[in-house]
Each structure stands twice: as structure tokens, then as C-alpha cells.
Amino acid sequence: MHQVDVGLGERAYPILIAEGGLATIGQDLGQRRVGKRYVVVADSQVAALYGQPLLASLASAGLSARLLTFPAGEANKNLTTIADLASRLARLGTDRKDALIALGGGVTGDITGFLAAIYMRGIPFVQVPTTLLAQVDSSVGGKTGVDIPEGKNLVGVFYQPACVHIDTQVLATLPPSELLNGIAEVIKYGVIHDAEFFAFLKQHRPAILNLDRDALATVIRRCCEIKAAVVAADERESDLRRILNFGHTIGHAVEAASAFAIGHGRAVAIGMVAAMALAVAMGICARDAADEVRRLIADFGLPAVIPAALDRRAIKGFLSTDKKAIGGRPFFVLPEGIGKVRITDEVAAALIDQVLA
């Protein structure tokens, strides 16, 4: 088992990474005493795969638990789902001594974290991410929220979990498309913070795609280490933490403009290539570095361009309502090279149009 600590004082928590760790979650939570009783929240697909094994792990430790499900998909990450789950918690008699467990990918983590933050003005929750994207990124850092028609994640709060349990074994059941969604976030960490890690991804690409246990463990651990350090330094995204949004400004707009037909990771991959193009056009980054990032994204089988059929006006509309925008001006994370980035809102509209085109 590997442990990465997120140092946030009274809100500090561990990220526990282990192969087969799902079976030991009950024992760990019994020792931590996160909640008196537990409610596991999972989408319909993940509940069928891992709902009963997790409930069995909790029961083996003498912990009482129930399972609540909701329909799978980003389209259900909304306030209607939150209201429905909150009503079901109330009918179960869930109180402030109880805790939620988010079992699933990024959508489930966002929904469950937000629900935990607002139900009875806050109850504890635990993250048990089952996708690579959630394991390396969304389960760590306390960002929670849901979408509204005007944009992605526009309603939410910062609310840290009590702990994060990552079982690398569950990735064996991931469809290849979901694995690639996570790979995009993995590449992000190399570009924004660690050139050596970026080189590792290039060297070990076949092993990663073949779910080699050692390569995956290294990838997950390093991404969690980088994110934990960034979150500990800037919990509420006032400065440094914004570097984690590399690729997400245009990526989120592409995702929303496609009505979420383009998955988050693929949209981020497109957004990273677009951000590199902006950086080159502004003289911030050398073209060789941008080409290297684009090649790695393509070599992993991720998209590098915005689909021609996607409405550019819709993309620009979502850019202006992005939660990171101030006064309608979007912020961009632009690389100066592999391993170093800068944050700016001084990107000319004409240049954005050029890159979108």
C-alpha cells in the first residue's frame, strides 16, 4: 500500500493506494470512525460491479451501510439528482453522525461530495474512485459540484473528504474509452509540473495502456503526490491551484458544447493542444514543446482537434460563462515548456477565434 497525505491542517486526509484495496475499506473505516452508519452512493453501472463487494467489506467490519444509486452519465450531474438523493437520505434517517461514500468516477465523486457538503449543513464523506480519471484527479482536492444548462460545475463548494481509497485492481474492468479519459489528466500533470514524469509517460506508454500494475501504480501515485502538494498550498484555487486547469478552459467549453457527447478526458486533451497553440502563438512556448505534447496525446489515442461539426459560437458562449472567467474574460493556463506553466487572462479574442477555428 502507498499513502499520500493531503496536508490541510485540521482537514488533512490520506490517499490510500492499494491493489485489491476495496476489500479492506471496511476495516480502515472502522478504525477511523468516519461515520456511525454509511450510505454508499454509486451510479447504476458501478453499483452493479462494485456495490455489493463494498457493502460486504463494510459489513465484515461490523459497519451498517445502505446503497443509493442514480442513473449513470454526466447528463445526470445536476441539481435534480442532488434533490432526489437528499430526499432519499432523509427517508433513510441519515443524520449528522453518518457518512457518505462516493463509489465511482468523477461524476459520482462530484455529486456525493456536494451532497455531503449541503445535507444537514455538512456530513463526512469518503472517496472510493473507480476510474483512472477520478483516481488521479477528481477524487483529490475537495472540489464538488454539479452542472447547470449555462455551464459545467457552476454550482458547487470546496469540501474535503475524510479519506480517499484507491483500488488499482478495479481499473481492469474499465472500458478502453474510460481509461483514455483518465490518461488525458495524467498527461496534464507532466506538462504543468514534472518534465521527468512526462518522459516516463512517453517511455512507458505501452505498459500503461496494457494496465501494467507497476506502471499504473507509479502513474497514480505521482499524480496524487502532485495534486496533494498543489491543494495543500492553495486549497481554494486562489492562485497556484489554477494550474490544474490546464486544458480545461477550452476543454470544458468543448465538452459542454457537445452536450457531453465528448467525454471529459477527450475534451481536456483537445483543450491542452489548443492551450499549447495559444502559448506558441503568443511567444510563450517553443513550437517543439507543443509538438511533443501533441504527439504524446495522439500516441495515446486521444483527440487533438475540435471536431469540425461542433458549433464554435456555442464553444465561445461556454467560455464566457466558465466558472474561472472574470467579467467574461476566460483564464488560460499556458505552458512555457514541459513542466512549467503560467496563468493569464490576457489572451486576445482574435487569437482564441484562430485556435478554435
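Derivation of every value follows stated rules applied to the coordinates shown; laboratory data play no part. Keep in mind that what you see is a predicted model, and the values were worked out from it rather than measured. All Cβ positions, even for glycine, are placed from backbone atoms using ideal geometry, and neighbour counts span all protein chains on display.
Near residue 189: Cβ cut-off under 10 Å, other residues only, Lys/Arg at +1 and Asp/Glu at -1. The net charge is -1.
Ranking of 276, 282, 1 by neighbouring Cβ atoms within 10 Å, starting from the fewest: 1, 282, 276. Straight-line cross-link partners of residue 340 among the aspartates and glutamates, defined as a Cα under 19 Å from its Cα and at least 8 positions apart when in the same chain: 137, 185, 194, 196, 225, 234, 237, 239, 288, 291, 292.
Sorting 169-180, 339-350, 292-303 by average packing, meaning the other beta carbons within 10 Å per residue, from highest down gives 292-303, 169-180, 339-350.
Applying 1/(1 + (r/R0)^6) with R0 = 22 Å to the Cβ-Cβ distance of residue 340 and residue 310, what FRET efficiency is obtained, to the nearest 0.05?
Efficiency, rounded to the nearest 0.05: 0.10.
When Lys and Arg each count +1 and Asp and Glu each count -1, what net charge do the other residues less than 10 Å away from residue 119, Cβ to Cβ, add up to? With Lys, Arg at +1 and Asp, Glu at -1, the neighbours total 0. Secondary-structure-derived ellipticity at 222 nm for the chain, considering helices only, amounts to -13500 deg cm²/dmol, per-run term -39500 (n - 2.57) for DSSP H runs with n ≥ 4. A cut-off under 10 angstrom between Cβ atoms defines the neighbours of residue 136, and their net charge, with Lys, Arg +1 and Asp, Glu -1, is +2. Within straight-line reach of residue 316, meaning a Cα separation under 26 Å, sit the following lysines at least 8 residues removed in sequence or on another chain: 77, 143, 152, 188, 324. DSSP finds beta bridges in the chain, and of those with both partners inside it, around 40 percent are antiparallel.
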